């Protein structure tokens, strides 16, 4: 029996040694506290290959992060002092808010080990928690958008695939990059915390300001995915709110004029027209270098007409049309495809130095009769 136990211990020791070797290049982190703060840190660090959590200290067996720690196979102890005695630790983060623990950590000094606690630790886990919540909100909105697709545009597989790709690029190139930058700045704050506390505090203020901007950008992405008026299919209020938000975010002056009765339009036609305007204005923001854009919508008894005009740098339409990669990059394929899916057509007019005009025409049929834009 004793021989079996010794063999088991040797296997466990070898396993631990191999694990430590794999994490040798990673920052080894110990977390004091497994409440909201500790759980948030575990959720984000567990997916980071450059971070290895070596231990958690928590006296409450029902704390929010205990179950997660067990799922991730992170060692848990009730005595935080055991973490201070560990040799394989580079960073200790205290998220308990306990003054006694803070006092002990203030007196703790060991070469090569950094300690973060108090307001700095709280700011760190709150920032991470905000990032997790923003990601969850985006995923929730994407699910709603997919439901909208199944309801209204079942035949538009290619258009929906393109839309999802555009959304993914928008999130990756904007929001994700900003969050990655914030993460880098937090790492820098950690390094400055002991060397230059004032510089660290200034960096934290700057990071907090950028976090606010990231949250605003997340909200804008969510708004772009599902305008608030889609439930009642009110096209004109949805466009009005979108243009106001667009003007505020991108500092491009917008003008909107409309004539006619939108009750003549089927819900599918309204959705596709909104997406066309959205795509056109996205192009203005990314490529046109314009400071002014005008959207005109005219709803007649027989046809819907829409025009989006900007005063930007313009481009050679014929040259872009011959290059499939550029055609997709400028979002023109999506505009033409959406117009086609409601029985209409799109036309692009542009010249270098003379801005761009997008013209949309959709024939209308009476509700109750089979035709484009129904359902």
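Taken together, the values in this text are just the output of simple stated rules run on the coordinates, not laboratory data. Not measured: the values here are computed from a predicted model. Don't worry about glycine lacking a Cβ; one is built from the backbone with ideal geometry, like all the others, and counts go over all protein chains shown.
Some observations on this one:
- Computed packing ranks the peptides 40-49, 246-255 as 40-49, 246-255, most packed first, by mean other Cβ atoms within 10 Å.
- Here residue 292 and residue 201 are evaluated by their C-beta separation; at R0 = 35 Å the FRET efficiency comes out at 0.25.
- Distance between the 7 Å Cα→Cβ label points at residue 111 and residue 70: 4.1 nm.
- Peptides ranked, highest mean first, by Cβ atoms within 10 Å: ranges 280-291, 307-318: 280-291, 307-318
- FRET E, pair residue 251, residue 327, Förster distance 22 Å, beta-carbon r, rounded to 0.05: 0.20
- When you restrict to C-alpha pairs under 8 Å that are six or more residues apart and normalise by the size of the range 228-363, the relative contact order lands at 23 percent.
- Efficiency of FRET from Cβ geometry, residue 60 and residue 347, R₀ 51 Å, rounded to 0.05: 0.20
- Under the shape rule built on the C-alpha gyration tensor, where the axes satisfy a ≥ b ≥ c, the range 228-363 is oblate, since a/c reaches at least 1.5 while a/b does not exceed b/c.
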